[in-house]
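J.: Dropping the structure in here first, questions after.
No value in this document is a laboratory result; all are computed from the given coordinates. Keep in mind that this is a model prediction, so the values were computed, not measured. Ideal geometry is used to build each Cβ from the backbone, glycine not excepted, and the neighbour counts take in all protein chains shown.
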Amino acid sequence: MEAGASTGTRTTRFMMEGVGARVIRGPEWKWGKQDGGEGHVGTVRNFESPEEVVVVWDNGTAANYRCSGAFDLRILDSAPTGVKHDGTMCDTCRQQPIFGIRWKCAECGNYDLCSICYHGDKHHLRHRFFRIATPGSERVLLEPRRKSKKIAIRGIFPGARVVRGVDWQWEDQDGGNGRRGKVNEIQDWSAASPRSAAYVIWDNGAKNLYRVGFEGMADLKVVNDAKGQTVYRDHLPLLGEQGPGRTGPHGLQIGDQVNVDLELEIVQSLQHGHGGWTDGMFECLGTTGTVVGIDEDHDIVVSYPSGNRWTFNPAVLTKVQIPVPVTSSSSDNQTFAVGDLVQICHDIEKIKLLQRGHGEWAEAMAPTLGKIGRVQQIYHDGDLKVEVCSTSWTYNPQAVTKVASSDGSVPGNSSGERLSALLKKLFETHVSGDVNEELVKTAANGDAAKCEECLKRPEADVNGVFAGHTALQAASQNGHLEVIKILLRYKADVEIEDKDGDRAVHHAAFGDEPGVMALLAGAGADLNARNKRRQTALHIAVNKGHAGVVRTLLELGCHPSLQPMRINRFGETAFSHVLCATQSLRHGIPAETILFYEHGPEYRVP
């Protein structure tokens, strides 16, 4: 059932700010003690839809909850999300600006409190306050605190005993999986994300700061919780009930579908200062993702089918639009969608007139006349952003004619031969002259026929490198089995390393591609090879939660006992931890319970 438009919009707007918020159970909670009990705290990990949110509780349990129509959760603290009220100051502790929820006295001229001071009983308890969840959101008038109930909150607070959690990526700082430490203090992971981390002293003497809310991450799991502040429970906002009422840059919102359509080297350049580029991001090329967050720098957080989330400069993303009807100059109705092939009008005088008020005409556009391009974006007024002749221009939809839909079908009675010619012409405008560059790009995009075409050219090198990677590495990460078979037939080296020491098997593990792993093993790839971080493909698969790859690797005979893997006190290897964590995410069942129930307390990976 679809939520009403106003509810959906309100929830969508909130989702932009919600990832990382610290929450407690809400008024319609009906999930027993998944959270650990009344007042126990968790972290918003991500939104699976405008109606459903994933929370990782401090006790390690993860599950989906309702945040539209029915409200399972209250927002305890939104400061870790980076929400701030510019131009404000807490009149007690002098925090400036106020992060998280702003509490404004309704009976004094200009008096504000932060959440810590509001729940800490600062200012007059008989005074009523407005709750302002986010800048520009609706003010909610509350009852005086003097008449309201307070509850104690519990979880990862000073004094709590903790072990590594679901997002742990700090090797053996803690002394090994299952080793314990004590929370010394709640701190800021960054200046823009207050109260989003915990400073822990491990039993082995090591000390460090770990994420508890920053970008929705949970590096820690509590085994003996501690008491935090007492709070006015009924004064806390419901998660999803209202939002800030703003959209992200380039018109992107939570829930939007996006593609990365630019060339790899351009993307890598634009990513500087916006989260950077790593090998794991190859999955973003040619794969549609979903916007799940917009950070304080207005960078876009995108989730992919693999479960990975990557942060992007909004300039590299193209929103996937729903097709819109457009009337052409010939009075025929044309419907455009992202990915359609279009031919630019060849009449220069006509197109100059059509471009007025639609991106205008520039002399640099002259080479595009009569050429074939691909629709990258459809603007709200119907204008089209078209990639043509290796660049992008905005066109009046009446200045182009659709020649092929994004699914490859041809409108009208156009023949298959015409489409083939048009596609060939389109490709010719993108030829770089470097066969190795073409080979790596076509391998990354899964174009098996073009890949083989490149390899037949005398100057081609099957192990040639472009942007730091071989064609086999790019195809392995993106799961293009047919391309890999062709590359192996041409004697591609399965053991070539990139600058990080990652081989094709490491890339397959990053990309969650068990089928690729089996193919590489059949070609003689070393499944136990380590990269420069001393990680095997199994380590990567375990760390990323790619259970299918882990199973395949173990079935293929890789070494399950390679360090730094550990067996903890529940008899779990890292593999069993991944499997049960995956199940617990869907069902809210503690990992240890699943292992004991399915395998007994002495469970080991065979």
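J.: Within the stretch 166-224, which trypsin sites (Lys or Arg not before Pro) sit in a loop by DSSP and count at most 12 neighbouring Cβ atoms inside 10 Å?
T.: Values: sites: Arg179, Arg180, Lys182, Arg195, Lys207, Arg211, Lys221; in loops: Arg179, Arg180, Arg195.
Taking the stretch 166-224 and a limit of 12 other Cβ atoms within 10 Å, no loop trypsin sites (Lys or Arg not before Pro) are found.
J.: How much length would be gained if the chain were fully extended between Ala191 and Lys499, taking 0.36 nm per residue of separation minus their Cα-Cα distance, in nm to one decimal?
T.: On the way: separation 308, 0.36 × 308 = 110.88 nm, distance 3.22 nm.
Between Ala191 and Lys499, full extension yields 107.7 nm more.
J.: For the stretch 340-404, just say rounded, prolate or oblate: build the C-alpha gyration tensor, square-root its eigenvalues into a ≥ b ≥ c, call rounded for a/c under 1.5, and beyond that prolate if a/b exceeds b/c, oblate if not. Walk me through the numbers before you get to the answer.
T.: Details: a/c = 1.39, a/b = 1.09, b/c = 1.28.
Rounded shape, in that the Cα axes give a/c under 1.5.
J.: Let me ask something else. Using 0.36 nm per residue, how much length does the chain from Asn543 to Ser269 gain when fully extended, once their Cα-Cα distance is taken away?
T.: On the way: separation 274, 0.36 × 274 = 98.64 nm, distance 2.76 nm.
That pair, Asn543 and Ser269, stretches by 95.9 nm at full extension.
J.: Which value, in debye to the nearest 20, gives the size of the charge dipole of the stretch 340-404 about its Cα centre, when Lys and Arg are +1 and Asp and Glu are -1 at the Cβ? Please report the intermediate quantities before stating the final value.
T.: On the way: 7 positive and 8 negative charges, 25 e Å.
The dipole magnitude comes to about 120 debye.
J.: Can you give the charge dipole size of the stretch 16-243 about its Cα centre, rounded to the nearest 20 debye, using +1 on the beta carbon of Lys and Arg and -1 on the beta carbon of Asp and Glu? It would help to have the intermediate numbers written out before the result.
T.: Numbers: 33 positive and 29 negative charges, 192 e Å.
That gives a dipole near 920 debye.
J.: Counting Lys and Arg as +1 and Asp and Glu as -1, what is the net charge of the other residues whose Cβ lies under 15 Å from the Cβ of His506?
T.: Working: positive: Lys499, Arg503, Arg530, Lys532, Arg533, Arg534, Lys544; negative: Asp279, Glu283, Asp493, Glu495, Glu497, Asp498, Asp500, Asp502, Asp512, Glu513, Asp526.
Within the 15 Å Cβ shell, the charges total -4.
J.: Between the stretch 106-132 and the stretch 196-213, what is the separation of their alpha carbon centroids in Å?
T.: 32
J.: Please enumerate, by chain and number, the lysines with C-alpha under 18 Å from the C-alpha of Lys33, excluding those fewer than 8 residues away in the same chain.
T.: In chain and number order, the partners are Lys221, Lys227.
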